[in-house]
Amino acid sequence: MLHSEILDYLYNFLLNHLAIIIVISTYTLIIFIYSLIIYFKYRPHYKPLYFQYDQNSPVVNVHDLYDEFKLKDKLSFWRIFLGSWLLFPIRIPSGIFFFVAMNIQLNYHLKRLEHHDTDPNERKIIANIIQYWPKLLFFVNGITIIDRTNEFKSKNKENENDNKEEEKKYNNLISEESNETKSYEEIYKKYLGDDYDFTDQKYSLIICNHIGFFEVLINMVKHQSGFFAKKEIENYAFVGPIAKAMNCLFVKRESDEDRAKIFEILEKRAKDYYEGKILAPLVLFPEGTTTCGRNLLKFKKGAFYSLLPIKPEIIDVYQEDDFSLAVGSSHVVLNFFRSMAYFRHRLYYIDLPVIRPTEFMFEKYKDLGKEKWQIFAEVTRKILCEIGDLKPSNKHLRDLNRYKKAMKNGNYTSEDFLSLCNEKDPVLNQLGIKV
């Protein structure tokens, strides 16, 4: 009798709530399929891929040869599935709403600006919009930006009597190699000269290490800055108005002639901002591609070609076991969608003083390059590496592409390996490989 009543109750419950059950089941199935796609897209980045150059060489995991791009977090299907199932109903609609609302506001004020191009209030409103919506996106996606700038400021009389441990933690950089305490002023003077003037903070553009997508949003909030973009993006729906409002630099890159003009266009934009002719600074990522967040690749020419002062930033990822916001060898879009399956993320932001090339720098570090821009670029990279505790690397975008190709095909060739030998990559010695 009791058994029959239980069955009747379950039958009536299912019948009365059939629509809700169908909706939840369909939603669960969609999230399950979505999680499978994300998981298998990421799987090659974590699956061991072994290679042996010859019989006298050790067998190595190819991922260890590309430590600059290797993903160092953990991949779990159930972690992605459960996080997506719980968080997507909040984050997806919110993200769409923020994006559409931002576009509507920007379109309205950009049209007003066309008729009132000298109105400072309109420009101020646009700047506030660019700041406001990314902050909401950070909040909804559980992203905390921790400003570490003060940790690297120099000592002064006010903090001389502070607790030593707190002083080390908040006001100084600990050099792991020498175990010496250094402020960023000491590091700057080491490379730029003892008489380097920190009071002149006028700059032509901003440079930043490239970990993925979120440093773009951080710079939108901090500086309302523009970026380097393809000419076509100017006319894209939704994205176009945002790019225009940020005063992005739109360039053609189809032909060799177009690419040759980029340095001239970039130099003019840098000079215009330096001379106060435009209001929005330009942000460049001189590495040219993304890393795992703990390395700094060799800088490209664009940001240093003009030899004008630059403002450096460092974005550091909190290396969590579950997931890192650093894109590394994966894809920016894939990284963004995976990030929405995790409750909390932390990014560290370090805003550093302007770096101006000096005669001291060109003379003392002349062995770092044949041209002045090369010396400027290498000295800047050394400064950022010391302050941010980043490892310098001479790898390039082409190395990342070879790495991605090897993971996709499940095969690493001798030609790929020899390209590292030509670059004299130090990782070969660390792994005991002799060629």
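The values are calculated or read from the model by the stated rules, or taken from the named source; none is laboratory data. Bear in mind the structure is a predicted one, so any value in this text is a computation, not a measurement. No Cβ is skipped: glycine too gets one built from the backbone with ideal geometry, and neighbour counts run over all protein chains shown.
A few remarks follow.
- Filtered residues of region 271-293 (kept if in a loop (DSSP other than H, G, I, E, B) and touching a residue at least 60 places away in the same chain (Cβ under 8 Å)): L279, P281, F285, P286, E287, G288, T289, T290, T291, C292, G293
- Enumeration of residues in region 235-246 that are closer than 23 Å to I145 by Cβ and assigned to a loop (DSSP other than H, G, I, E, B): M246
For (1) under 16 Å from I383 (Cβ atoms); (2) out of contact with any Ser or Thr (no Cβ under 6 Å at 6 or more places or on another chain); (3) at pLDDT 90 or above, each residue gets a yes or a no:
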residue	(1), (2), (3)
D147	no, yes, no
K157	no, yes, no
E176	no, yes, no
Y184	yes, yes, no
K189	yes, yes, yes
D194	yes, yes, yes
F213	no, yes, no
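- Among the conditions (1) under 24 Å from I211 (Cα atoms); (2) at pLDDT 90 or above; (3) aromatic (F, W, Y), the only one that F99 does not satisfy is (2).
- Beta carbons closer than 6 Å, at least 6 apart along the sequence or on distinct chains, pair a first residue in region 330-359 that is over 23 Å from F40 (Cβ atoms) with a second that is among the acidic types (D, E) and surrounded by fewer than 17 Cβ atoms within 10 Å (Cβ to Cβ) for Y349/D147.
- Residue match in region 244-259 (condition: surrounded by 19 or more Cβ atoms within 10 Å (Cβ to Cβ), under 30 Å from K72 (Cβ atoms) and touching a helix residue (DSSP H, G or I) at 6+ places or on another chain (Cβ under 9 Å)): no
- In region 414-425, the residue that is modelled with the highest pLDDT out of those that are surrounded by 13 or more Cβ atoms within 10 Å (Cβ to Cβ) and not in a helix (DSSP H, G or I) is D425.
- Matching residues, region 319-349, being β-branched (V, I, T) and at pLDDT below 90: V332, V333
- Hits in region 12-46 - residues which are farther than 18 Å from F81 by Cα, surrounded by fewer than 12 Cβ atoms within 10 Å (Cβ to Cβ) and either among the aromatic types (F, W, Y) or in contact (Cβ under 8 Å) with a residue 60 or more places away in the chain (or both): F13
- Residue list for region 120-139, restricted to those being in contact with a Phe, Trp or Tyr (Cβ under 9 Å, 6 or more places away or on another chain) and surrounded by fewer than 17 Cβ atoms within 10 Å (Cβ to Cβ): L136
- The C-beta contact set for region 218-234 (first residue more than 21 Å from T144 (Cβ to Cβ) and without any contact (Cβ under 8 Å) to a residue 40 or more places away in the chain, second residue in a helix (DSSP H, G or I) and among the β-branched types (V, I, T), distance under 8 angstrom, 6+ apart or interchain) comprises I233/V239.
- Among the residues of region 69-96, those identified as at pLDDT 90 or above and either under 22 Å from K405 (Cβ atoms) or touching a strand residue (DSSP E or B) at 6+ places or on another chain (Cβ under 8 Å) (or both) are F69, K70, L71, L75.
- Count of region 33-62 residues which are part of a helix (DSSP H, G or I) and either at pLDDT 90 or above or over 25 Å from K391 (Cα atoms) (or both): 14
- In the set (1) over 23 Å from the mean Cα position of the chain (by Cα); (2) part of a loop (DSSP other than H, G, I, E, B); (3) among the charged types (D, E, K, R), K72 fails one condition alone, (1).
- Test result for N171, buried (at least 18 other Cβ atoms within 10 Å of the Cβ), more than 24 Å from the chain's Cα centre (by Cα) and at pLDDT below 75: yes
- Scanning region 285-292 turns up at least one residue that is closer than 25 Å to K372 by Cβ, at pLDDT 90 or above and aromatic (F, W, Y).
- Residue list for region 17-32, restricted to those being assigned to a helix (DSSP H, G or I) and not hydroxyl-bearing (S, T, Y): L18, A19, I20, I21, I22, V23, I24, L29, I30, I31, F32
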